[in-house]
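J.: The structure that follows is given in the form of structure tokens.
The values are calculated or read from the model by the stated rules, or taken from the named source; none is laboratory data. Just so we're clear, the structure is a prediction, and the values are computed from it rather than from any experiment. All Cβ positions, even for glycine, are placed from backbone atoms using ideal geometry, and neighbour counts span all protein chains on display. These accessible areas exclude ligands, DNA and RNA; they are computed on the full protein's heavy atoms, side chains included. Shrake-Rupley method; radii C 1.70, N 1.55, O 1.52, S 1.80 Å.
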Amino acid sequence: MAFEVVEFCEPSPEPGRPFPGTSQTVMGVYDVEAEAIEVGRARWREMRSADTRDVMWWIVRVPGETLARWIADRSSPEEQILDLTTNELIVLRH
């Protein structure tokens, strides 16, 4: 099974310009879920301190799946995982 790290970005709107939409970038595909999460986690931590007003989030999922196995939002200090039995997001405690 493969796991992909996906970065989503909604650029901060510029006055008088239309919203350009949400971009989605696959940052990489990994054989090991933990490795994919580490790549996503590193980018999330890097962007948490970035000087930007863009809305950004990262997920790890199996390519083609609509459910994320790990998610982090630039505006939040918490990582979350999805309980696939209940489809609930759970805050990841280290």
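J.: Scanning the stretch 1-57 for residues that are among the acidic types (Asp, Glu) and more than 13 Å from the chain's Cα centre (by Cα), which turns out farthest from Ser75 (Cα to Cα)?
T.: First, the residues of the stretch 1-57 that are among the acidic types (Asp, Glu): 4, 7, 10, 14, 31, 33, 35, 38, 46, 51, 54.
So of that shortlist, the ones also more than 13 Å from the chain's Cα centre (by Cα) come out as 14, 31, 33, 35, 51, 54.
Numbers: Glu14: 19, Asp31: 29, Glu33: 24, Glu35: 23, Asp51: 12, Asp54: 10 Å.
Across the stretch 1-57, the extreme among qualifying residues is Asp31.
J.: Specify the residue that is surrounded by the fewest Cβ atoms within 10 Å (Cβ to Cβ); the eligible residues are those in the stretch 7-32 that are outside any loop (DSSP other than H, G, I, E, B) and hydrophobic (A, V, I, L, M, F, W, C).
T.: Out of the qualifying residues, it is Val26.
J.: Moving on to the next point. Out of all the residues in the stretch 38-69, which are open to solvent by 70 Å² or more (accessible area, probe 1.4 Å), assigned to a helix (DSSP H, G or I) and within 23 Å of Pro11 (Cα to Cα)?
T.: Selection gives Arg45, Glu46, Arg48.
J.: Of everything in the stretch 70-91 that's modelled with pLDDT under 80 and within 17 Å of Ala36 (Cβ to Cβ), which residue is most open to solvent (accessible area, probe 1.4 Å)?
T.: So the residue we want is Leu84.
J.: To continue, here is another question. Of the residues Glu35, Glu4, only one is more than 24 Å from Arg93 (Cβ to Cβ) and either touching a Pro at 6+ places or on another chain (Cβ under 8 Å) or open to solvent by 50 Å² or more (accessible area, probe 1.4 Å) (or both); which?
T.: Glu4
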